[in-house]
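The values are calculated or read from the model by the stated rules, or taken from the named source; none is laboratory data. All of these numbers come straight from a predicted model, not from anything done at the bench. Note: ideal-geometry Cβ built from the backbone for every residue, glycine included; neighbour counts use all protein chains shown. SASA here: full protein model, heavy atoms, side chains in, ligands and nucleic acids out. Shrake-Rupley method; radii C 1.70, N 1.55, O 1.52, S 1.80 Å.
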Amino acid sequence: MGKLISIFQKERKEKEIRYILSIDGGGMRGVIPAYILSRLDEILKNLGDKRPLYSHFDLVAGTSTGALLSLGLTSPLKDNDLEKDTLEPYPVYQKYKKGIFRKEERIQKGLIEVNANPSCLLDIYLKHGERIFPHSIMNVIGQLFQVKYDVRPYESFLKEKLADIALEEALVPTIVISYDCPNGRPFIFKSYDAHGFLAREAARASTAAPLYFPPALLRDRETGEDLVLSDGGLVANNPAMIAYIEAKKLYPEANEFRMFSLSTCKRPYSFDPSKTSGGATVWMTSITRIYSNAQENLAESMMKNLKDVKYTRIYSEILDRRIALDDTSKESMTTLLDGAEKVYEMQEDEIRAYAMELSEKETSNAVKLRKSGMLTYKDDINQYSL
């Protein structure tokens, strides 16, 4: 007689699903993902989910302007100048069984820290865009020999918004993509392997767009290596693939990854060299756009074909004109806000479906909790357990 295993004795391993937020680069077009994040947070609150937005994710990844948003979302509020969410620190509870009858009770595991209100991330662009990209009086000849902007106002802005917060203090695992110029390779800032970097240093490096800002000169405080880092868009303007690889390392037991990928809705670029002379002048004006467009298309194709990834990409060709990454004009800001609303309306069903999943999932063990003592669970309404 074969061995019989009672269904009541057999423990069934639950499917492990991890959630990833990925945000593209795109300069001032960051208005679009910032707006989508504010709407996602609004949906969650309307569903009765009071947890801070960042605490729904197991990994947050950003490139360039996406790095600004990622760090603004996950860096703790201390002496920085980000608007605080109105919520109090949110309790998380853990189930346990007690007594001979194994009655289920709960104890408080800790508190989820309140962080920046996602709606204030729009202010990075709408209120401070001209501080990041002040009006340049440099002529075309001047731009051939030096970068377009003085980086000091931008560094002052980062100091205000991110203070001296250490990257390792991020409230959930966070990665920021940059490019190591001398070694010709991606450089990934990781909050869980931070090497002493500050959050603002990671932001500065990831947003050091060539021609606009000089590279970031940083020192690895762990190895002592001197680094020359430029904009992460040079290697992964859409950081989804890098985020996936890092998530696989962080969560080797995960069965599935559900990614919410936010674009800046850059217009696709097409170029037909057969209709030109094919000379250096023609290629010089087109090659960077061709490269960036091809890189993003490749990332998109790869993510959609990964069997263990459910990929929700928020993108639409809604912009009726090309908006440069440093365009801070009121007309362009209005265009971007209108475009963000259109993207939201076009993909509202997908955004709401993802929000519903987030609201129903338990708080991840990846979220850093503030310890608050082991208090017995009393109220079962609107609470979430680990």
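Restricting segment 1-51 to residues that are basic (Lys, Arg) and touching an Asp or Glu at 6+ places or on another chain (Cβ under 8 Å) leaves a set whose member that is modelled with the highest pLDDT is 18. Residue count for segment 325-350, restricted to those that are over 27 Å from residue 312 (Cα atoms) and of a type outside the set (Lys, Arg): 5. Could you check, for segment 134-151, whether at least one of its residues is part of a helix (DSSP H, G or I), at pLDDT 85 or above and open to solvent by 10 Å² or more (accessible area, probe 1.4 Å)? The answer is no; no qualifying residue exists. Listed by first and then second residue, the pairs linking a residue in segment 156-168 that is farther than 23 Å from residue 59 by Cβ to a residue that is acidic (Asp, Glu) and assigned to a loop (DSSP other than H, G, I, E, B), with Cβ atoms under 7 Å apart and 6 or more places separating them unless they lie on different chains, are 160/81; 163/79. Residue 177 satisfies every condition listed in (1) among the β-branched types (Val, Ile, Thr); (2) more than 18 Å from residue 246 (Cα to Cα); (3) open to solvent by less than 10 Å² (accessible area, probe 1.4 Å) except (2). Out of 298, 336, one residue alone is in a helix (DSSP H, G or I), at pLDDT 80 or above, open to solvent by 90 Å² or more (accessible area, probe 1.4 Å) and not charged (D, E, K, R). It is 298.
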